[in-house]
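Following: one structure in structure tokens, then a few remarks.
The values are calculated or read from the model by the stated rules, or taken from the named source; none is laboratory data. Worth saying up front: this structure is predicted, and the values here are computed from it rather than measured. Cβ coordinates were reconstructed from backbone atoms using ideal geometry, including for glycine residues, and neighbour counts include every protein chain displayed. Note: areas computed on protein heavy atoms with side chains; ligands, DNA, RNA excluded. Shrake-Rupley method; radii C 1.70, N 1.55, O 1.52, S 1.80 Å.
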Amino acid sequence: MDESWRNRKTLILGRTDMIGLLTPAEYNDRVEHAFRMHGLGRVYMEPKGHIVLDQYRGEWEVMPSYIEEPEAAACKWVSIREDNARFDLPAVFSILIYTDPETGFPLAICDGSHHTLMRTGAAAAVSAKWLARGDSRVLAIAGTGSVGKGTLATCDPVFPWEEVRVWSRSQSSLERFLENERASYPHLEIVGSTDLEQVVRGADVIVTGTHARSWIVDDAWVKAGAHIAALGADLAGEQELHPGLLQRGRVFVDDIRQCREDGEINVPLREGLIGEDGIAGEIGKVICGELEGRQSDDQITIFDSTGIAIQDSATVPLEVERARAAGVGIEKKMIST
């Protein structure tokens with residue numbers, strides 16, 4: 001390029017700058033591409049790193065990655081503080097650093113909150129596209145936090161849903177979610193309950209997005225042929241599904257190295273309730289055609305999604321491209337002359 005790298009500026013994007021840059025369908029497309037590249041072995045990524053702080057009821061996570069096509073590199077730094085409501089702050093902050101692969105130059109520094117809820121929801125949507133029955137019409141969402149919001153947005157274009165059921169432990173959180181989201185989806189019948197069994201029974205696709213430390217979805221509630229996307233467990237000791245579901249379902253993961261330590265499978269693996277040889281494989285292998293997905297209409301399929309770093313590096317280039325085209329954010333020269 002003609003312009004000297006030393007004269008380049010870094011684009012800085014806040015949360016409101018990031019909202020609306022991509023459609024939910026575009027987030028799904030980018031996450032599907034990330035999984036496909038993962039299945040083809042065309043990524044460089046280690047399992048996410050954790051620094052757990054018991055004194056502040058939270059942790060940091062670090063997630064660097066590189067993807068070969070289109071070539072991109074990014075690193076996300078996530079701060080989780082469970083008591084942040086005391087400070088009128090969200091429980092999760094994340095900052096995404098998008099860098100040029102050849103030079104390491106920081107092309108953009110982005111707030112990761114909206115990006116993360118959308119790319120996380122997109123993992124569930126992509127898994128439903130590839131693993132759920134084609135006649136799926138009832139969607140159940142467990143959890144009304146940011147993951148629930150992203151799940152609704154990204155799953156909406158996947159199937160012609162006849163009913164969307166939403167669960168929260170808190171009646172006030174449930175009512176707030178329904179009030180906020182119904183206006184955005186007038187074509188959907190969205191109903192809510194604080195009774196999880198009522199939400200799950202009969203659902204075709206079930207998406208869980210909580211940080212439960214013991215299972216909340218009972219094996220007996222899930223009908224034959226259902227698909228489950230378990231998004232919540234991303235730290236050792238967390239689980240959302242009764243182990244019986246993992247024993248009778250066909251289980252896929254986003255990244256086996258990460259899931260065995262932090263994913264939905266981590267507790268039943270350690271307790272000997274399932275073996276790693278019982279895991280069908282990584283979803284990227286299904287998407288790139290190297291692994292069979294659903295094998296019958298009656299089979300329960302389960303996707304254990306911990307959220308992998310290449311979801312970020314596959315998505316942020318298009319977000320930054322759209323931001324530059326829209327003229328949002330500010331530019332800052334990071335290298336002195």
Q. Let a ≥ b ≥ c be the square roots of the eigenvalues of the Cα gyration tensor of the stretch 75-142; is it rounded (a/c under 1.5), or, if not, prolate (a/b larger than b/c) or oblate?
A. oblate
Q) With every protein chain left in place, what is the accessible area per residue of the chain in square angstrom, probe 1.4 Å? A) 43 Å²
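What value, in deg cm²/dmol to 500, does the helix sum -39500 (n - 2.57) over DSSP H runs of n ≥ 4 give at 222 nm once divided by the residues of the chain? If you can, show how the numbers build up before the last one.
Values: 11 runs with 106 residues, N = 337.
Computed mean residue ellipticity for the chain: -9000 deg cm²/dmol.
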Q) Roughly how many percent of the accessible protein surface of the chain is carbon and sulfur, given a 1.4 Å probe and a whole-percent answer? A) 49 percent
Q: Once you have a ≥ b ≥ c as the square roots of the Cα gyration tensor eigenvalues for the stretch 27-154, tell me rounded if a/c is under 1.5, and otherwise prolate or oblate according to whether a/b is larger than b/c.
A: oblate
Q | 3J(HN,Hα) from dihedral phi, the stretch 218-234, Karplus parametrisation 6.51/-1.76/1.60, rounded to Hz, x for glycine, proline | A | 7, 3, 5, 7, 8, 7, 4, x, 6, 10, 10, 10, 9, 9, x, 6, 9
Q) In the stretch 1-63, which GluC sites (Glu not before Pro) fall in coil by DSSP and have 10 or fewer other Cβ atoms within 10 Å? A) Glu3
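Output the antiparallel fraction of DSSP beta bridges having both residues in the chain, as a percent to the nearest 5. Please list the in-between numbers first.
Numbers: 34 of 66 bridges.
Counting DSSP beta bridges with both partners in the chain, the antiparallel share is about 50 percent.
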Q | Probe 1.4 Å - accessible area at Glu69, Å² to nearest ten | A | 90 Å²
